[in-house]
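Following this message is one structure expressed as C-alpha cells.
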Amino acid sequence: MGYFITFEGIEGCGKSTQIVRLAASLRQQGYTVRTTREPGGCPLADAMRRILLDPKSSELVPRAELLLYAAARAQHVAEVIRPALTADEIVLCDRYIDATVAYQGMGRGLDLALIHELNRLASDGVTPDLTLLLDMPVETGLDRARQRNGADNDAEGRFEAESFAFHQRIRDGYLQLAADEVRFCRIEAQGTIDEVEQRITAAVEDFLQAGQTP
Ligand code: TYD
C-alpha cells in the first residue's frame, strides 16, 4: 500500500499551492505521487462538486449538502484513492473526511455521530495516514480567499460568503480534531509560501522516515 496524506484548513489557507509543491518535491525523490481533491477527483464527483460549490445552489439544505459530499467521496475513494494506494502511490488529497466534520458538523451544526457514520460509509476504511492542518487566523484566510476569487472571478464562493463566525467554528473544529487524532500535524500556515513549504516538507519527511523504520 502507498501512503495517504490529506490537507485540511480554512478557506484561503494555501493548501492548493502547497500540494503542488509537495508533489513536485516527492516526485523528485522518486516517489509516484497522485494529487487529487474533494469534493471531486473523478468525473462523477466533479459533477457533484459543481452543484455543491455553485453560488446558485443556495437552496441546498444542509442535510442534502452532507449527503452530496458523502456521495462524491464514496465515488472518489472507489475510483481514484483506493486504486492509487493499492498501486503503492503516495496520494495527496486536498480535503477529505475531516472537512465534513469541520464544515458540516462544526460549521452547519449537523449531528457529529451521524457525520462520523457517513464518513465511515463513504471512505470504506480508507483513512489518511497523515493529515496536515494548515492553520491560520480566519481574518488572514478570508482576506486571501477573497483576493483570489476577485482575481480569477471564479464562481466558487458559496462558503466564502458565510459569516466570520461560521469560519471561526471551522477553524476551532479543525484544531480540536488535530488535538484528538494522532494522524494530524498542525502546520503554521502564516509566513511566506517558501516558509510554509519547508514546514510541510519537514513534517512529511518525518512521517515517511517513521514509516520506513522496520
Ligand atoms: P475548494 O474550492 O476546494 O475550497 P478551498 O480551495 O478553499 O479548499 O472547495 C471546497 C469547499 O467545500 C470548501 O469550502 C470546503 C467545502 N467542503 C465541505 O464543506 N465539506 C467537505 O466534506 C468537503 C470535502 C469540502
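Can you name the residue in region 81-102 that is out of contact with any strand residue (DSSP E or B) (no Cβ under 7 Å at 6 or more places or on another chain) and of a type outside the set (Gly, Ala, Ser) and is also farthest from the ligand (Cβ to nearest atom) among such residues?
88
For region 6-23, enumerate the residues that are over 17 Å from residue 88 (Cα atoms), surrounded by fewer than 20 Cβ atoms within 10 Å (Cβ to Cβ) and more than 8 Å from the ligand (Cβ to nearest atom).
Those that are over 17 Å from residue 88 (Cα atoms), surrounded by fewer than 20 Cβ atoms within 10 Å (Cβ to Cβ) and more than 8 Å from the ligand (Cβ to nearest atom): 17, 20, 21.
Among 135, 172, which is the only one that is open to solvent by 50 Å² or more (accessible area, probe 1.4 Å), more than 10 Å from the ligand (Cβ to nearest atom) and either acidic (Asp, Glu) or touching a Cys at 6+ places or on another chain (Cβ under 7 Å) (or both)?
One residue alone meets the criteria, 172.
Could you go through region 26-33 and let me know if any residue there is in contact (Cβ under 8 Å) with a residue 60 or more places away in the chain, under 20 Å from residue 208 (Cα atoms) and basic (Lys, Arg). Even if it seems obvious, please write down each step before you answer.
Keep residues of region 26-33 that are in contact (Cβ under 8 Å) with a residue 60 or more places away in the chain, which gives 26.
Those still in the list that are under 20 Å from residue 208 (Cα atoms) too: 26.
Narrowing the set further to residues that are basic (Lys, Arg) leaves none.
No, that holds for no residue.
Consider only pairs whose beta carbons are under 6 Å apart and that are at least six residues apart or on different chains; among these, list those whose first residue lies in region 34-54 and is touching a residue at least 12 places away in the same chain (Cβ under 8 Å) and whose second residue is among the β-branched types (Val, Ile, Thr).
34/91; 35/19; 36/80; 41/80; 42/80
May I ask you to say which residue of 116, 76 is farther than 23 Å from residue 20 by Cα, of a type outside the set (Asp, Glu) and modelled with pLDDT of 95 or more?
Step by step, each of 116, 76 is checked, and only 116 is farther than 23 Å from residue 20 by Cα, of a type outside the set (Asp, Glu) and modelled with pLDDT of 95 or more.
A quick yes/no check of all residues on (1) modelled with pLDDT of 95 or more; (2) of a type in the set (A, V, I, L, M):
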position	(1), (2)
127	yes, no
138	yes, yes
144	no, no
152	no, no
179	yes, yes
192	yes, no
199	yes, no
202	yes, yes
209	no, no
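For residue 3, state whether it is under 19 Å from residue 160 (Cα atoms) and either buried (at least 24 other Cβ atoms within 10 Å of the Cβ) or in contact (Cβ under 8 Å) with a residue 60 or more places away in the chain (or both). Working first, answer last.
Working: under 19 Å from residue 160 (Cα atoms): no; either buried (at least 24 other Cβ atoms within 10 Å of the Cβ) or in contact (Cβ under 8 Å) with a residue 60 or more places away in the chain (or both): yes.
Against the criterion (under 19 Å from residue 160 (Cα atoms) and either buried (at least 24 other Cβ atoms within 10 Å of the Cβ) or in contact (Cβ under 8 Å) with a residue 60 or more places away in the chain (or both)), residue 3 does not qualify.
Hey, among 114, 92, which residue is among the aliphatic types (A, V, I, L, M) and open to solvent by less than 10 Å² (accessible area, probe 1.4 Å)?
92
Those residues that are among the hydroxyl-bearing types (Ser, Thr, Tyr) and in contact with a strand residue (DSSP E or B) (Cβ under 6 Å, 6 or more places away or on another chain), I need them from region 17-56; list them, please.
At the first step, the residues of region 17-56 found to be among the hydroxyl-bearing types (Ser, Thr, Tyr) are 17, 25, 31-32, 35-36.
Answer for region 17-56, where residues must be among the hydroxyl-bearing types (Ser, Thr, Tyr) and in contact with a strand residue (DSSP E or B) (Cβ under 6 Å, 6 or more places away or on another chain): 31, 35, 36.
Is it the case that some residue within region 61-74 is touching a residue at least 60 places away in the same chain (Cβ under 8 Å) and within 15 Å of the ligand (Cβ to nearest atom)? Full working, then the answer.
Here is the first cut: in region 61-74, the ones touching a residue at least 60 places away in the same chain (Cβ under 8 Å) are none.
So far as region 61-74 goes, no, none of its residues is touching a residue at least 60 places away in the same chain (Cβ under 8 Å) and within 15 Å of the ligand (Cβ to nearest atom).
Further question: With (1) within 11 Å of the ligand (Cβ to nearest atom); (2) open to solvent by less than 20 Å² (accessible area, probe 1.4 Å) as the list, and residue 26 as the residue in question, which single condition is left unmet?
Against the list (1) within 11 Å of the ligand (Cβ to nearest atom); (2) open to solvent by less than 20 Å² (accessible area, probe 1.4 Å), residue 26 comes up short only on (1).
The values are calculated or read from the model by the stated rules, or taken from the named source; none is laboratory data. Since this is a predicted model, take the numbers as computed values, not measurements. Note: ideal-geometry Cβ built from the backbone for every residue, glycine included; neighbour counts use all protein chains shown. What goes into the accessible areas is simple: the full protein's heavy atoms, side chains included, and nothing from ligands, DNA or RNA. Shrake-Rupley method; radii C 1.70, N 1.55, O 1.52, S 1.80 Å.
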